[in-house]
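Here is the structure we will look at, set down as structure tokens.
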Amino acid sequence: MPLGLRKKKNKSRESSNLVENEEVSGHAGAGKSAVNGGGVGGGLPPPPASLRPKLVFHTQLAHGSPTGRIEGFTNVKELYSKIALAFNLSPDEILFCTLNTHKIDMEKLLGGQIGLEDFIFAHIKGIKKEVEVHKTEDALGLTITDNGAGYAFIKRIKEGSVVDGVKVICVGDHIESINGKNIVGMRHYEVARMLKELAKDQAFTLKLMEPMKAFEMLEPRSRGGGGKSSGEGKMGTGRETLRLRSKGPATVEEMPTEFEEKAVKKVDDLLESYMGIRDTELAATMVEVGRDKKNPDEFAMALDQALGDFAFPDEFVFDVWGAIGDAKQGRF
């Protein structure tokens, strides 16, 4: 079958959510290393959910708060609901979360995996702002990602780009509307496409929402390079991670192998290059799909089945296939 992905109708992401209050440990066997090892004593069924260990995580609001404890979530939306409940907020107030740092560090952004000892910092809505941008180049220099719950935000600003010259726009800003069109609920690739399709040599308007910051956190904006901060990023030392999925159950897995880390990083770079987005969960899924495929056509068909919401250009699929192959061979 020739390489090329068929574009399918978008399926409701709401239907992919798991039954409320079902414990993560109730999905034993779905991942590489499930809670309780998938059973007790020679293949007996796992104990009932009420007797299984619960995964408990510590969390704070990034601008400052007491420490809360959350448990029992299986996807990003449920995670936000648990955090909101802990701090008496609406889940809609949460823009995104970072792991082991309160700073707006895009290298520590919560994606598809959480280390079992990671500390979760929730960044909530802060100041609204509106800015007019004159698009003098075809590319704006923005990389877009989303929080998995309907909010797209800026993950990277390219140095010297059109947007880099508009100092009020910062990494971490949630994009609420483009030229008056509300984009809340859109996926990051849809937002990136809208920005790319804006006419050159014309002005457009962005309505943005920046994350709330504590007074002592106010600092010059970051381009999203993710500089390391002293004493942070070392709080999570667990050898296992909770893998969150937009479709299907969350699973407890071993830490990613060197192959997986390199391949996911390269595929995420390709997503940014081709589509103007960053999405580690999507990149990890693509690596997982391509791990045992024998040729790019087989890989393309598997991507079509697994990721029907996306329509990838053929050259992108070839490059992703090559990146996975390079990682297998240890070539980067």
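Evaluating kT/(6 pi eta Rh) at 20 °C and 1.002 mPa s, with the Kirkwood radius of region 271-332 over Cα pairs in the Stokes-Einstein relation, gives 181 µm² s⁻¹. Counting charges near Ile175 (Lys, Arg +1; Asp, Glu -1) among other residues having Cβ under 10 Å from its Cβ returns a value of -2. The H on the amide N of Phe96, modeled in the peptide plane, is under 5 Å from the matching H of His123, each at least 5 residues off or on a different chain.
Sequence-ordered 3J(HN,Hα) estimates for region 114-124 from the Karplus curve with 6.51, -1.76 and 1.60 and θ = phi - 60° stand at 10, x, 5, 10, 5, 9, 9, 10, 9, 9, 10 Hz, glycine and proline given as x.
Distance between the 7 Å Cα→Cβ label points at Lys200 and Asp92: 3.9 nm.
Once backbone amide H atoms are built at 1.01 Å from N, Ile183 has Ser177, Ile178 as its partners under 5 Å, excluding neighbours fewer than 5 places away on the same chain.
Inter-label distance, Ser273 to Asn182: 3.8 nm, where each label sits 7 Å from its Cα along the C-beta direction. In this structure, the amide hydrogen of Thr251, modeled 1.01 Å from its nitrogen in the peptide plane, lies closer than 5 angstrom to those of Arg243, counting only residues at least 5 positions away or on a different chain. Working note: Debye formula, equal point scatterers on the alpha-carbon atoms of region 61-160, no solvent; log10 I(q)/I(0) at q = 0.10, 0.14, 0.16, 0.17 Å⁻¹ is -0.32, -0.59, -0.74, -0.81. How would region 106-222 be classified by its alpha-carbon gyration tensor: rounded, prolate or oblate, with rounded meaning a/c under 1.5 and the a/b versus b/c comparison settling the rest? Prolate, since a/c reaches 1.5 and a/b exceeds b/c. For Glu197, the solvent-accessible surface with a 1.4 Å probe is about 130 Å², rounded to the nearest 10. The gain in end-to-end length when the Thr67 to Glu315 segment is fully stretched comes to 84.6 nm, 0.36 nm per residue minus the alpha carbon separation. Taking each residue as 0.36 nm, the span from Lys128 to Glu258 lengthens on full extension beyond its C-alpha to C-alpha distance by 42.7 nm. Using the Karplus relation 6.51 cos²θ - 1.76 cosθ + 1.60 with θ = phi - 60°, the per-residue 3J(HN,Hα) values for region 63-68 come to 7, x, 5, x, 8, x Hz, with x marking Gly and Pro.
In terms of distances greater than 32 angstrom between alpha carbons, the cross-link table entries Lys128/Lys196; Lys108/Lys200; Lys196/Lys266; Lys77/Lys207; Lys135/Lys294; Lys82/Lys103 yield Lys108/Lys200; Lys135/Lys294. Take the Cβ atoms of Lys328 and Ala302, set R0 to 22 Å, and the FRET efficiency comes out at 0.85.
Extension gain for Ser161 to Lys294 (0.36 nm times residue separation, less C-alpha to C-alpha distance): 43.9 nm.
Determine the sum of side-chain charges near Trp321: Lys and Arg each +1, Asp and Glu each -1, restricted to other residues whose C-beta is under 13 angstrom from that of Trp321. Neighbourhood net charge equals -2.
Across region 269-276, coupling constants 3J(HN,Hα) worked out from phi with the 6.51/-1.76/1.60 Karplus curve, θ = phi - 60°, read 4, 5, 4, 5, 5, 8, 10, x Hz, and Gly and Pro carry x.
The values are calculated or read from the model by the stated rules, or taken from the named source; none is laboratory data. What you see is a predicted model, and the numbers here were worked out from it, not measured in a lab. Quick reminder, even Gly has a Cβ in these numbers, built from the backbone with ideal geometry, and neighbours come from all protein chains shown. We work out accessible area using only protein heavy atoms, side chains counted, and drop any ligands, DNA or RNA first. Shrake-Rupley method; radii C 1.70, N 1.55, O 1.52, S 1.80 Å.
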